[in-house]
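First the structure, in the form of C-alpha coordinates, and then the observations on it.
The values are calculated or read from the model by the stated rules, or taken from the named source; none is laboratory data. Remember, it's a predicted structure, so these values are computed and weren't measured experimentally. For neighbour counting, all protein chains shown are included, and Cβ atoms are generated from backbone atoms with ideal geometry for every residue, glycine included. For accessibility, only protein heavy atoms count, side chains too; no ligands or nucleic acids. Shrake-Rupley method; radii C 1.70, N 1.55, O 1.52, S 1.80 Å.
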Amino acid sequence: MAASSQASLLLQKQLKDLTKNPVDGFSAGLVDDKSVFEWSVTIMGPPDTLYDGGYFNALMSFPSNYPNSPPTVRFTSEMWHPNVYPDGRVCISILHPPGDDPNGYELASERWMPVHTVESIVLSIISMLSSPNDESPANVEAAVSLKHEIFHLYRKEWRDEREAFKKKVRRVVRRSQEML
(Lines give C-alpha, C1' and ligand atoms only; values in the text may rest on other atoms or scores of the structure.)
Protein backbone atom coordinates (compact mmCIF):
# COMPACT_ATOMS: atom_id res chain seq x y z
CA MET A 1 0.00 0.00 0.00
CA ALA A 2 1.40 3.41 -0.92
CA ALA A 3 2.49 5.71 1.92
CA SER A 4 -0.10 8.35 1.01
CA SER A 5 -2.87 5.71 1.12
CA GLN A 6 -1.74 4.58 4.57
CA ALA A 7 -1.55 8.20 5.72
CA SER A 8 -5.00 8.89 4.32
CA LEU A 9 -6.52 5.90 6.11
CA LEU A 10 -4.85 6.84 9.40
CA LEU A 11 -6.02 10.46 9.16
CA GLN A 12 -9.57 9.34 8.31
CA LYS A 13 -9.53 7.13 11.40
CA GLN A 14 -8.26 9.98 13.61
CA LEU A 15 -10.96 12.29 12.24
CA LYS A 16 -13.62 9.69 12.92
CA ASP A 17 -12.30 9.16 16.48
CA LEU A 18 -12.31 12.92 17.19
CA THR A 19 -15.83 13.22 15.78
CA LYS A 20 -17.09 10.38 18.00
CA ASN A 21 -15.10 11.46 21.07
CA PRO A 22 -14.46 15.23 21.01
CA VAL A 23 -11.64 16.48 23.21
CA ASP A 24 -12.06 19.49 25.49
CA GLY A 25 -10.09 22.52 24.41
CA PHE A 26 -10.23 22.21 20.65
CA SER A 27 -12.22 21.21 17.61
CA ALA A 28 -10.80 19.87 14.37
CA GLY A 29 -12.03 18.96 10.92
CA LEU A 30 -11.05 18.92 7.30
CA VAL A 31 -10.51 22.19 5.46
CA ASP A 32 -12.07 20.59 2.38
CA ASP A 33 -13.72 17.18 2.11
CA LYS A 34 -11.56 16.48 -0.93
CA SER A 35 -8.32 16.23 1.08
CA VAL A 36 -7.70 14.51 4.38
CA PHE A 37 -4.22 16.09 4.48
CA GLU A 38 -5.39 19.64 5.37
CA TRP A 39 -7.14 20.20 8.69
CA SER A 40 -8.67 23.25 10.29
CA VAL A 41 -8.30 23.43 14.06
CA THR A 42 -9.80 25.84 16.55
CA ILE A 43 -8.05 25.96 19.90
CA MET A 44 -9.77 27.46 22.91
CA GLY A 45 -7.41 29.45 25.09
CA PRO A 46 -6.57 27.28 28.11
CA PRO A 47 -8.36 28.26 31.35
CA ASP A 48 -6.40 30.32 33.87
CA THR A 49 -3.81 31.39 31.30
CA LEU A 50 -3.26 34.62 29.43
CA TYR A 51 -5.01 32.99 26.45
CA ASP A 52 -8.18 32.11 28.43
CA GLY A 53 -11.31 33.09 26.51
CA GLY A 54 -9.56 33.21 23.13
CA TYR A 55 -10.43 31.17 20.05
CA PHE A 56 -7.42 30.57 17.84
CA ASN A 57 -7.64 29.06 14.38
CA ALA A 58 -4.84 27.03 12.86
CA LEU A 59 -4.12 24.88 9.83
CA MET A 60 -2.50 21.46 10.10
CA SER A 61 -0.89 20.20 6.91
CA PHE A 62 0.09 16.54 6.82
CA PRO A 63 2.78 15.11 4.54
CA SER A 64 1.99 12.11 2.36
CA ASN A 65 4.28 9.95 4.53
CA TYR A 66 2.46 10.75 7.79
CA PRO A 67 2.91 9.41 10.48
CA ASN A 68 6.59 8.93 9.64
CA SER A 69 6.99 12.70 9.29
CA PRO A 70 5.26 15.42 11.29
CA PRO A 71 2.61 17.82 10.05
CA THR A 72 3.14 21.56 10.03
CA VAL A 73 0.87 23.70 12.17
CA ARG A 74 0.30 27.39 11.51
CA PHE A 75 -1.99 29.72 13.39
CA THR A 76 -4.19 31.69 11.01
CA SER A 77 -5.45 33.80 13.91
CA GLU A 78 -3.16 36.46 15.25
CA MET A 79 -0.90 34.95 17.91
CA TRP A 80 1.67 36.45 20.27
CA HIS A 81 3.77 33.70 21.83
CA PRO A 82 7.49 32.92 22.20
CA ASN A 83 7.10 29.58 20.43
CA VAL A 84 5.15 30.86 17.42
CA TYR A 85 6.83 32.53 14.46
CA PRO A 86 5.42 35.86 13.25
CA ASP A 87 3.87 34.03 10.28
CA GLY A 88 1.95 31.77 12.71
CA ARG A 89 4.05 28.61 12.41
CA VAL A 90 4.20 26.66 15.66
CA CYS A 91 7.61 25.66 16.96
CA ILE A 92 7.41 22.78 19.40
CA SER A 93 9.73 19.80 19.59
CA ILE A 94 7.20 17.16 18.57
CA LEU A 95 6.73 18.93 15.22
CA HIS A 96 10.44 18.73 14.41
CA PRO A 97 11.60 15.90 12.13
CA PRO A 98 12.45 12.63 13.88
CA GLY A 99 15.98 11.77 14.91
CA ASP A 100 18.85 13.70 16.35
CA ASP A 101 18.66 17.50 16.37
CA PRO A 102 21.47 18.84 14.17
CA ASN A 103 21.63 21.93 16.42
CA GLY A 104 21.82 19.92 19.65
CA TYR A 105 18.86 21.68 21.30
CA GLU A 106 16.58 18.66 21.57
CA LEU A 107 16.85 14.99 22.33
CA ALA A 108 15.61 12.61 19.65
CA SER A 109 12.98 11.44 22.17
CA GLU A 110 11.52 14.98 22.29
CA ARG A 111 11.08 15.22 18.54
CA TRP A 112 8.46 13.74 16.21
CA MET A 113 7.51 10.10 16.66
CA PRO A 114 4.94 8.22 14.57
CA VAL A 115 2.83 7.52 17.68
CA HIS A 116 1.67 11.14 17.75
CA THR A 117 -1.88 11.84 16.65
CA VAL A 118 -3.86 14.97 15.82
CA GLU A 119 -5.09 14.89 19.41
CA SER A 120 -1.62 14.63 20.96
CA ILE A 121 -0.31 17.41 18.71
CA VAL A 122 -3.10 19.83 19.57
CA LEU A 123 -2.87 18.99 23.28
CA SER A 124 0.86 19.78 23.06
CA ILE A 125 0.03 23.14 21.49
CA ILE A 126 -2.48 23.84 24.27
CA SER A 127 0.24 22.97 26.77
CA MET A 128 2.60 25.34 24.93
CA LEU A 129 0.06 28.14 25.35
CA SER A 130 -0.11 27.37 29.06
CA SER A 131 3.67 27.15 29.54
CA PRO A 132 5.82 28.92 26.95
CA ASN A 133 9.26 27.41 26.47
CA ASP A 134 11.59 30.38 26.45
CA GLU A 135 14.67 28.14 26.42
CA SER A 136 13.97 26.69 22.96
CA PRO A 137 14.33 29.15 20.12
CA ALA A 138 11.48 29.31 17.63
CA ASN A 139 13.97 29.09 14.84
CA VAL A 140 15.59 25.68 15.23
CA GLU A 141 15.44 25.15 11.45
CA ALA A 142 15.60 28.79 10.46
CA ALA A 143 18.70 30.08 8.80
CA VAL A 144 17.51 33.68 8.60
CA SER A 145 18.91 35.77 11.43
CA LEU A 146 15.91 38.11 11.42
CA LYS A 147 13.70 35.27 12.68
CA HIS A 148 16.25 34.64 15.41
CA GLU A 149 16.10 38.31 16.43
CA ILE A 150 12.29 38.27 16.44
CA PHE A 151 12.30 35.21 18.70
CA HIS A 152 14.59 37.01 21.12
CA LEU A 153 12.15 39.95 21.20
CA TYR A 154 9.34 37.55 22.21
CA ARG A 155 11.61 35.83 24.72
CA LYS A 156 12.88 39.11 26.22
CA GLU A 157 9.36 40.45 26.57
CA TRP A 158 8.14 37.16 28.10
CA ARG A 159 10.99 37.17 30.62
CA ASP A 160 11.69 40.83 31.34
CA GLU A 161 8.62 42.82 30.33
CA ARG A 162 5.82 40.54 31.44
CA GLU A 163 3.18 43.31 31.64
CA ALA A 164 3.83 44.37 28.03
CA PHE A 165 3.64 40.71 26.99
CA LYS A 166 0.34 40.26 28.86
CA LYS A 167 -1.09 43.38 27.25
CA LYS A 168 -0.31 42.08 23.75
CA VAL A 169 -1.81 38.66 24.54
CA ARG A 170 -4.99 40.28 25.91
CA ARG A 171 -5.28 42.20 22.63
CA VAL A 172 -4.83 38.96 20.66
CA VAL A 173 -7.51 37.23 22.77
CA ARG A 174 -9.92 40.15 22.29
CA ARG A 175 -9.39 40.10 18.53
CA SER A 176 -9.93 36.33 18.40
CA GLN A 177 -13.29 36.81 20.16
CA GLU A 178 -14.29 39.55 17.72
CA MET A 179 -13.65 37.17 14.80
CA LEU A 180 -16.34 34.72 16.01
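Not counting the cut sites, what is the longest span of the chain without GluC sites (Glu not before Pro) that DSSP labels loop and that have at most 14 other Cβ atoms within 10 Å? Walk me through the numbers before you get to the answer.
Details: sites that count: 135, 141, 161.
It runs 1-134.
Accessible area per residue of the chain at 1.4 Å probe, in Å²? Walk me through the intermediate numbers first.
On the way: 9720 Å² over 180 residues.
Averaged over the residues of the chain, the accessible area is 54 Å².
Mean separation of Cα pairs under 8 Å and 6+ residues apart, divided by the residue count of segment 1-55: what relative contact order is that in percent? The partial results should precede the final answer.
Values: 49 pairs, mean separation 12.9, N = 55.
Rounded, it is 23 percent for segment 1-55.
Counting only protein heavy atoms and a probe of 1.4 Å, the accessible surface of the chain is 53% carbon and sulfur.
About the centre of its Cα atoms, the chain shows a dipole size close to 400 debye [charges on the beta carbon of Lys, Arg (+1) and Asp, Glu (-1) only; nearest 20 debye].
Calculated [222 nm] ellipticity per residue, helices only, for the chain: -12000 deg cm²/dmol; basis is -39500 (n - 2.57) per DSSP H run with n ≥ 4, divided by all residues, nearest 500. Taken over the chain, the convex hull of the Cα atoms encloses 124 Å³ per residue.
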